[in-house]
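Take a look at the structure below.
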Amino acid sequence: YHNDGSLSNGTGTGNDLATERIMVQKFILDCVDYWLNQYQVDGFRFDLMGAIDLETMQLIRNRCNEEDRPILLLGEGWDLDTELVDEQKTTLAQANQLVDVSFFNDRFRDSLKGNLFTTDAKGFINGNGHFLERLPQIVAGSCDERFGDNLFITPLQSVNYVECHDNHTLWDRLLLSNPKATTLDRKRMHQLATGITILSQGIPFIHAGQEFYRTKHGDENSYISGDDINQIDWDQRGIENENILWVRSLLALRKEYW
């Protein structure tokens with residue numbers, strides 16, 4: 001709650017969870033412990049991680065470090081308008097206090113395809129090299145001070161991506177941002193974005209179907225849409241098999257020199 005008694009709603013879900021309160025924190029840690037012990041999971045992805053307080057995330061990291069296997073922690077470090085003060089939020093601005101936690105890198109995303117919330121905005125892959133000056137930094141994991149302001153301490157904090165389950169797929173975005181481009185040119189833009197994602201330092205995040213130019217037919221917010229929008233189109237997968245083999249070759253190249 002806010003001081004005036006109204007509900008904090010920075011998440012847009014109606015009310016926010018007060019993770020900084022001791023019993024809520026305990027509930028979260030107990031859940032993490034249960035999944036580690038009973039299901040032997042090796043990673044957790046936190047939706048709207050910026051709504052979780054920093055101390056709780058640090059305690060989660062400490063608990064995961066007790067395991068005899070590596071546990072990946074990643075999440076969305078967006079700065080949300082919640083009741084938490086900025087210094088308490090698990091946001092990108094606090095990444096230096098969570099060296100072993102990974103963050104979705106929106107600088108990487110927007111530098112390649114343009115600002116997410118401006119559908120006709122362009123980036124490096126669809127804007128004739130726009131944001132070229134950002135490329136050295138994002139390819140180096142957004143943590144090399146030789147190339148500008150750092151987001152992170154290590155490359156493994158950077159989850160590099162150009163599309164995910166939220167918002168337009170990259171293919172649908174290119175239809176909006178580059179409507180006069182040919183299909184072949186849009187495929188080349190798409191390949192360039194996927195290739196940079198896979199070969200950059202950090203953690204490459206590839207959305208299911210990205211390897212064959214997945215479309216949701218222009219649906220920007222498909223969480224409530226049916227199978228006609230969200231299903232994997234296996235016919236499309238067959239048609240674009242050549243591109244899938246190309247993606248596999250990039251993944252093999254990455255693994256060879258990791």
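The values are calculated or read from the model by the stated rules, or taken from the named source; none is laboratory data. Keep in mind that this is a model prediction, so the values were computed, not measured. Positions of Cβ are generated from backbone atoms using ideal geometry, with glycine treated the same way; all protein chains shown enter the neighbour counts. Protein only, heavy atoms only, side chains kept; ligands, DNA and RNA dropped before computing areas. Shrake-Rupley method; radii C 1.70, N 1.55, O 1.52, S 1.80 Å.
Per-structure values
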item: Residue that is of a type outside the set (D, E, K, R) and in contact with a Lys or Arg (Cβ under 6 Å, 6 or more places away or on another chain), where the choices are G50, G14; result: G50
item: Counted residues, the stretch 60-80 - those being touching a residue at least 12 places away in the same chain (Cβ under 8 Å), closer than 15 Å to S102 by Cα and open to solvent by 40 Å² or more (accessible area, probe 1.4 Å); result: 4
item: Scan of the stretch 205-224 for residues that are open to solvent by less than 40 Å² (accessible area, probe 1.4 Å) and either of a type in the set (A, V, I, L, M, F, W, C) or closer than 22 Å to F108 by Cβ (or both), ordered by number; result: H207, G209, Q210, F212, Y213, R214, K216
item: Subset of the stretch 1-33 (residues that are over 16 Å from R63 (Cα atoms), surrounded by 12 or more Cβ atoms within 10 Å (Cβ to Cβ) and more than 26 Å from the chain's Cα centre (by Cα)); result: R21
item: All positions within the stretch 225-249 that are of a type in the set (A, V, I, L, M, F, W, C), open to solvent by less than 40 Å² (accessible area, probe 1.4 Å) and more than 24 Å from L112 (Cα to Cα); result: I229
item: Test: residue in the stretch 21-41 that is modelled with pLDDT of 95 or more, within 30 Å of G195 (Cβ to Cβ), of a type outside the set (D, E, K, R) and not in a loop (DSSP other than H, G, I, E, B); result: no
item: Subset tally (residues that are touching a residue at least 60 places away in the same chain (Cβ under 8 Å) and either open to solvent by 70 Å² or more (accessible area, probe 1.4 Å) or over 20 Å from G129 (Cβ atoms) (or both)) for the stretch 165-197; result: 1
item: Single residue of I244, I196, I206 found to be at pLDDT 95 or above, in a loop (DSSP other than H, G, I, E, B) and among the β-branched types (V, I, T); result: I206
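Rundown of residues vs (1) over 28 Å from P204 (Cβ atoms); (2) among the charged types (D, E, K, R); (3) open to solvent by 30 Å² or more (accessible area, probe 1.4 Å), yes/no style:
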residue	(1), (2), (3)
G50	no, no, no
M57	no, no, no
R109	no, yes, no
K113	no, yes, no
L116	no, no, no
T119	no, no, yes
